[in-house]
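Notes follow once the structure below has been shown.
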Amino acid sequence: MQNSSELEKEFSYYFRQDILKLLNNYYQLKSFRYEQFLTIWNEMKFYQLFSIPRFFPFDYRYYMKDVLKIASEYLCDEELYPEVRTGALYVIYGIYCNQSNRPRLKVPVSTEHWIQILKFVDFLNQAEHVDAEYVFRYLLHSDAFEFSSDFEIKNRSIATFKIGSKSVKTPCEDTSLEQGFSMDDFKDFVLNDELNEQMGTIHEAYIQCKEELAKTNKQSLLNSYINQNFDQLIG
């Protein structure tokens, strides 16, 4: 009979294969939109991750810790295409927001990789990929990340390189941020009152739009989609 450590390793291995397939499918779309990612997520039944407590209630916390770490590796890996890293960001968002752990388990990153994440988010901002930027800012203001001294990118498989490796520079490497990114720069970049106010205004407009749709066109396909997926769309 397998012990808990062996089961955990086996679970991590198969989850890594599943997430590689998920990211590969998303990469093929050449998209940064959350709605398209959510379609693939549901088709692959990733929501079943949150049924684990029914079968392994005592190991659930360890499983979620591994899942967040694996997803974080693909977000932090600067050798992957931006679409792949965006998919990893959406995976983290879905897992962090829907886990049943209280307090919620956080996403581990090293200080070195945190700089790479901020560079990537700067690329998303400049390219106006608002879905991905909103997801990152939601996680940031939810205090979803934690610094871990032993975090590293490992277990890199051939499949990883097939879906995301590159021999030339991608647009996200041409960002204005340099390696000497300071904490003052970080505060200016993230804790921007004007930008946060704009994001809040957009969010309020979205809620109002949804409410109006619910009142005026209850039977429409669009309204049905929003109501069914609203919690997943905005966390």
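Bear in mind that the values in this text are calculations on the coordinates, not laboratory data. Everything numeric here is computed off the predicted structure, so don't read it as measured data. For neighbour counting, all protein chains shown are included, and Cβ atoms are generated from backbone atoms with ideal geometry for every residue, glycine included.
Applying 1/(1 + (r/R0)^6) with r as the Cβ-Cβ distance of LYS45 and GLN208 and R0 = 35 angstrom yields a FRET efficiency of 0.60. Residues whose amide H comes within less than 5 Å of that of VAL107, counting only those at least five positions distant or on another chain, are PHE145, GLU146 (H built at 1.01 Å from N in the peptide plane). Once both labels are positioned 7 Å from their Cα atoms along Cα-to-Cβ, the gap between GLU10 and PHE147 label points is 3.9 nm.
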